[in-house]
Amino acid sequence: MDLCLALDVSVSYGEDGQHTFVEGEDVTGLIRTQEVSMAASTVSRYAEVRKAMVKLQQKLAAETDMLLDGRDICTTVLPNATAKIYLTADAEERARRRWLEMQQKGLPDTFEEVLQAVKDRDNQDMNRKVEPLRQAEDAVLVDSTNMTFDEVVDTILAIVEEKRHG
């Protein structure tokens, strides 16, 4: 837990979008890997580590306007966020998207391996004792299973605009 509190984590924006830095190193691409995703899920079972990471995320959100995504952002990290969206898709579609992203990066995982990892993470996150994955009561459900990327973005932007301006 002390390591979590001592980390220098920051977020900044460039021409190509939002970037996350840890100890000055741009980890934007790394945090989207399957290994980091599963490691985050595994570590999140430890209450003290979760508390430290929530505190860090809350600090970052207070310092900079940003889009945060994660499995407990609306329920734990930012329960008073202006706009809360529970973005989902069926496991096969999420696995397909992740697998295609990995293929573009030259990663060797098979679709079946990615699908199993998605299902394992869902199971682990939904059944953990400390703050399990769930939809916040006031979050808007967006099922992106049959949506294009642009449709998802347009839907989310419309929800944010509605929440911000009523």
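Some points to look at:
- Test result for Tyr13, closer than 30 Å to Leu100 by Cα and open to solvent by 50 Å² or more (accessible area, probe 1.4 Å): yes
- Considering the stretch 67-80, and only residues there that are open to solvent by 70 Å² or more (accessible area, probe 1.4 Å) and closer than 18 Å to Glu131 by Cβ, the residue that is modelled with the highest pLDDT turns out to be Asn80.
- Count of residues meeting criterion [of a type in the set (Lys, Arg) and surrounded by 15 or more Cβ atoms within 10 Å (Cβ to Cβ)] in the stretch 98-121: 2
- Residue within the stretch 131-141 that is hydrophobic (A, V, I, L, M, F, W, C), under 14 Å from Asp72 (Cα atoms) and in contact with an Asp or Glu (Cβ under 8 Å, 6 or more places away or on another chain) present: yes
- Note on the stretch 134-161: residues that are open to solvent by 80 Å² or more (accessible area, probe 1.4 Å) and either in contact (Cβ under 8 Å) with a residue 24 or more places away in the chain or not in a helix (DSSP H, G or I) (or both) total 6.
- Every residue from the stretch 30-65 that is open to solvent by less than 70 Å² (accessible area, probe 1.4 Å), farther than 26 Å from Leu100 by Cα and not in a helix (DSSP H, G or I): Ser44, Thr64
- If the condition is being among the hydroxyl-bearing types (Ser, Thr, Tyr) and either touching a Gly at 6+ places or on another chain (Cβ under 6 Å) or open to solvent by less than 60 Å² (accessible area, probe 1.4 Å) (or both), then the stretch 81-97 contributes Tyr86, Thr88.
- Scope the stretch 82-133; condition among the polar types (S, T, N, Q) and touching a residue at least 40 places away in the same chain (Cβ under 8 Å); matching residues: Thr82, Thr88, Gln124
- Every listed requirement among (1) assigned to a helix (DSSP H, G or I); (2) touching a Ser or Thr at 6+ places or on another chain (Cβ under 6 Å); (3) open to solvent by 70 Å² or more (accessible area, probe 1.4 Å) is met by Glu131 save one, (1).
- On inspection, Glu23 qualifies as on the phi > 0 side of the Ramachandran plot and open to solvent by 40 Å² or more (accessible area, probe 1.4 Å).
- Summed over the stretch 81-117, the residues that are at pLDDT 95 or above, of a type in the set (A, V, I, L, M), assigned to a helix (DSSP H, G or I) and within 16 Å of the chain's Cα centre (by Cα) give a count of 2.
The values are calculated or read from the model by the stated rules, or taken from the named source; none is laboratory data. Quick caveat, the model's predicted, so the values are computed rather than measured. Methodologically, a virtual Cβ is constructed for each residue, glycine included, from the backbone with ideal geometry; neighbour enumeration extends over all protein chains shown. For the accessible areas, the whole protein counts, side chains as well, though only heavy atoms, and no ligand, DNA or RNA atoms are used. Shrake-Rupley method; radii C 1.70, N 1.55, O 1.52, S 1.80 Å.
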